[in-house]
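The values are calculated or read from the model by the stated rules, or taken from the named source; none is laboratory data. If you're wondering where the values come from, they're calculated on a predicted model, not measured in any experiment. Heads up, the Cβs are rebuilt from the backbone with ideal geometry, glycines too, and the neighbour counts pull from every protein chain shown. Note: accessible area is taken over every heavy atom of the protein model, side chains too, but ligands, DNA and RNA are not part of it. Shrake-Rupley method; radii C 1.70, N 1.55, O 1.52, S 1.80 Å.
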Amino acid sequence: MTKDHSNIAILKEIAELLNEETEMVPMLNGALSKFLSGTKFETGWIFFIDEKGKSELVVKQNLPEALSYNDCQHLKRGGCWCVSRFRNDELNKASNIIECQRIEGAIEAEVGDHNEITHHATVPLQSGQERFGLLNVASKNTVRFTDEELDLLESVAFQMGSAIKRIYLTNEQQEIALVQERNRLARDLHDSVNQLLFSVTLTARAGIEMSEQQHIKATFKDIQQLTQEALTEMRALIWQLRPKGLESGLIEAIKVYAEMLNLKLAVNVSGVIQFPSRIEETLFRITQEALNNVRKHAGMTNVEIYINVTATDVLLVVKDEGRGFNMEAHRHIPSIGMQSIIDRAHAVGGTADWVSEIGKGTELLIRLPY
């Protein structure tokens, strides 16, 4: 088989793999592994780079000991010519890297064998004008790669970029479908269950007014009170499914929800609130659950919320001075509400923790990167 035919076969196999896989990291891992096994390139790694220029090592294959040392600390930290050029929009095609500070740092640290890896080639991962990150590859005792090798690298990067875009679009479509389903469910609850509960409330009120026997009046009052509580719960659920305040900003949405729960809310913000939509919704959903917990369990209506925004993450604190709870008991078997908060925070790479003591209130601490 000629060299050109061999390259075409590799590209075809990679294309098939990229089209089959629906999860991002396994897809890129498989494609990079296939590429390295069929070419002279021996090791490789992929950075995702966000809009702020922050890089994240998402995939690596066949790294030498020096580069994989301590969870790839030398690849993840320090300066880097390829990432800098990418951030400055100066890297548009596959290129040889004359020097790599991260590789040099790993070698100088003497943390393991670098397998004669001293230089690498790099190529941006993109689809049209949308850029996602970098694919870097290297071979031992190789300072410079040929034009043919760089062309092949560029072809693979093009395939990867297209596959990344496909998965992003698929995820967006799934998110749109989820929002539509939430809206449908919210409408159904409002039009059916919500109206039925309202009718029961009116019937109970009429029963109170029409009855002359005190024990019957008391029964109707109990029904009216329970139905009113159910109505409040139902409206809160509908609002959670289809929040109407986020278009006016996160803080306004939180205030509206707290008002609906009859909670007295104090909000303290430091930093500029400007997050990706996914982080904003996660913060809102977590705050909703936290406010629900205050209403149900704290035994008071005053709540304080603190939001501190830095360049890399956001800290959310929800504080009440209510009943509090035993942390050890809930740590082993968290409630559904607590588990929901933990799951939402972890889904975006964040953390959730509580500080509480019986009779001394509760603090929820959320930290989310963005």
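Listed here are the residues, each with its yes/no results for (1) without any contact (Cβ under 8 Å) to a residue 12 or more places away in the chain; (2) in a helix (DSSP H, G or I); (3) touching a Gly at 6+ places or on another chain (Cβ under 7 Å).
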position	(1), (2), (3)
PHE284	no, yes, no
GLU289	no, yes, yes
ASN293	no, yes, yes
LYS296	yes, yes, no
PHE325	no, no, no
ASP343	yes, yes, no
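In this structure, ARG367 qualifies as buried (at least 16 other Cβ atoms within 10 Å of the Cβ), of a type in the set (Lys, Arg) and in contact with a strand residue (DSSP E or B) (Cβ under 7 Å, 6 or more places away or on another chain). Can you give me the number of residues within segment 35-64 that are among the hydrophobic types (A, V, I, L, M, F, W, C), closer than 14 Å to SER139 by Cα and assigned to a strand (DSSP E or B)? Residues that pass the stated criteria total 1.
Here segment 355-364 is the region considered, the condition is being farther than 17 Å from ILE307 by Cβ and open to solvent by 30 Å² or more (accessible area, probe 1.4 Å), and the residue that is farthest from the chain's Cα centre (by Cα) is GLY359. Only residues that are within 19 Å of GLU148 (Cβ to Cβ) and of a type in the set (Ser, Thr, Tyr) were counted across segment 32-55, and they come to 2.
Looking only at segment 269-282, residues that are part of a helix (DSSP H, G or I), in contact with a strand residue (DSSP E or B) (Cβ under 8 Å, 6 or more places away or on another chain) and surrounded by fewer than 16 Cβ atoms within 10 Å (Cβ to Cβ) come to 0 in all. In segment 77-122, the qualifying residues are those that are of a type in the set (Ser, Thr, Tyr) and closer than 14 Å to ILE49 by Cβ, and the one that is surrounded by the most Cβ atoms within 10 Å (Cβ to Cβ) is THR122. Within segment 36-54, restricting attention to residues that are surrounded by fewer than 21 Cβ atoms within 10 Å (Cβ to Cβ) and of a type in the set (S, T, N, Q), the residue that is nearest to the chain's Cα centre (by Cα) is SER37. Can you pull out every residue in segment 140-156 that is buried (at least 20 other Cβ atoms within 10 Å of the Cβ) and part of a helix (DSSP H, G or I)? Residues satisfying the conditions are GLU149, LEU152, LEU153, VAL156. Out of the residues in segment 348-365 meeting the condition of being in a strand (DSSP E or B) and of a type in the set (Val, Ile, Thr), tell me which one is nearest to ASN292 (Cα to Cα). The extreme case among them is THR362.
Scan segment 62-76 and tell me whether some residue there is on the phi < 0 side of the Ramachandran plot and loosely packed, with under 12 Cβ neighbours inside 10 Å. No.
When you check ALA266 against the structure, is it at pLDDT 90 or above, more than 30 Å from GLU51 (Cβ to Cβ) and open to solvent by less than 60 Å² (accessible area, probe 1.4 Å), yes or no? Here the answer is yes, as ALA266 does meet what is asked.
State whether one or more residues within segment 326-333 are among the small types (Gly, Ala, Ser) and within 21 Å of LEU265 (Cβ to Cβ). So far as segment 326-333 goes, no, none of its residues is among the small types (Gly, Ala, Ser) and within 21 Å of LEU265 (Cβ to Cβ).
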